[in-house]
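What follows draws every value from the coordinates through simple rules; no lab data is involved. Because the structure is a prediction, the values reported are computed rather than measured. Positions of Cβ are backbone-derived with ideal geometry, glycine not excepted, and every protein chain shown enters the neighbour counts.
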Amino acid sequence: MIQNLFISNDKRLIKAAQVGDAAKIGALIDKKADVNVRNSRGLTALLITAQNGYEDAVNVLLSGGADVNAGDEQGNTALMAAVEQNYPEIVKMLLARGAETNLCNQTGETALMLASGKGFADPAQMLIKGGADVNLKDIEGTTALMLASARGHVGIVRMLIEGKADLNARNNIGFTGLMFACWKGRTETVKALVAGGADINIKKEDGVTAMMSAAVGGHLEIVQIIKDAGARG
């Protein structure tokens, strides 16, 4: 008990954030605790509460002046954390408070890439409506469309197409979203990309096409879809 008397309000704030104690957080902010204090891993109270889904605590921290765009040591922000854990209400709160949609972490991932790769439609839609750049690439040249295509998240693929994603963008080894979908056997995604206008004849430097990618994976239905769409060779 005596030992607790010597814990600073900043450390108390972190402890309150870890359990989502919104009332305690508010009281500590009133006592001038540093709302942007970080724990030993570089996480702010806002990041901690966002990644754990503590909506009330997030709201109190934002109202208390927490930096909505502060990142951890890897550059992950509260918005990224909320998206990755699929907490749409927190995503909505963060966007309303000015969270930057196009910040990226150390590997170049944005919040939209995280939502697209995991198939979280609500956060993805909020981010697109909030101005997220649908064509940003990570350090491997991968876009949100490629991630959604490879994993067969066809609803998000359609959102990205509607949001003017570049259907023929290539990653660092020349793969397009259509090639990923063909290789992975994502039939409905292939149909959506073809209907959206993806180039079915685009080639990697080694000459590999989307149809070849489907054939290598043994996805004969997709091979036929690509042929019927007018693929050459």
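How much length would be gained if the chain were fully extended between ASP133 and ALA229, taking 0.36 nm per residue of separation minus their Cα-Cα distance, in nm to one decimal?
Full extension of this stretch gives 31.6 nm more.
Cross-link candidates for LYS15: which aspartates and glutamates have Cα within less than 15 Å, leaving aside residues fewer than 8 places away along the same chain?
Straight-distance partners of LYS15: ASP34.
Once both labels are modelled 7 Å past Cα along the beta-carbon direction, what's the GLU140-ILE7 spacing in nm?
4.1
I'd like to compare 166-174, 11-19: which one has the highest average count of other Cβ atoms within 10 Å, and what's the full order after that?
Packing order, densest peptide first, comes out as 11-19, 166-174.
Dimensions of the chain along principal axes (Cα, Å, largest first)?
78, 27, 24
For segment 1-100, take N as its residue count and report Rg(C-alpha) divided by 2.2 N^0.38 Å.
Compared with the compact-globule rule of thumb, segment 1-100 sits at 1.01.
Quote the charge dipole size of segment 1-147 about the Cα centre in Debye, to the nearest 20; the model charges only the Cβ of Lys and Arg (+1) and of Asp and Glu (-1).
So the dipole magnitude of segment 1-147 works out to roughly 420 debye.
Over all pairs of distinct alpha carbons, what does the Kirkwood formula give as the hydrodynamic radius of segment 101-210, in Å?
For segment 101-210, the Kirkwood estimate is 13.4 Å.
Contact order normalised by length for the chain, with contacts defined as Cα pairs under 8 Å and 6 or more residues apart; what percent is it?
11
Which aspartates and glutamates have a Cα lying under 16 Å from the Cα of LYS184, excluding residues fewer than 8 positions away in the same chain?
Answer for LYS184, where 16 Å is the Cα cut-off: GLU221, listed by chain and number.
Calculate the length of the line joining the C-alpha centroid of segment 184-227 to that of segment 60-83, in whole Å.
About 39 Å separates the Cα centre of segment 184-227 from the one of segment 60-83.
Only helical DSSP H runs with n ≥ 4 go in: add -39500 (n - 2.57) per run for the chain, normalise by residue count and round the 222 nm mean residue ellipticity to 500 deg cm²/dmol.
Using -39500 (n - 2.57) per qualifying helix, the result is -14000 deg cm²/dmol.
Return one quarter of the surface area of the convex hull spanned by the alpha-carbon atoms of segment 87-130, equal to its mean projected area, in nm².
For the Cα atoms of segment 87-130, the hull's average projected area reads 2.9 nm².
For segment 190-233, just say rounded, prolate or oblate: build the C-alpha gyration tensor, square-root its eigenvalues into a ≥ b ≥ c, call rounded for a/c under 1.5, and beyond that prolate if a/b exceeds b/c, oblate if not.
Oblate.
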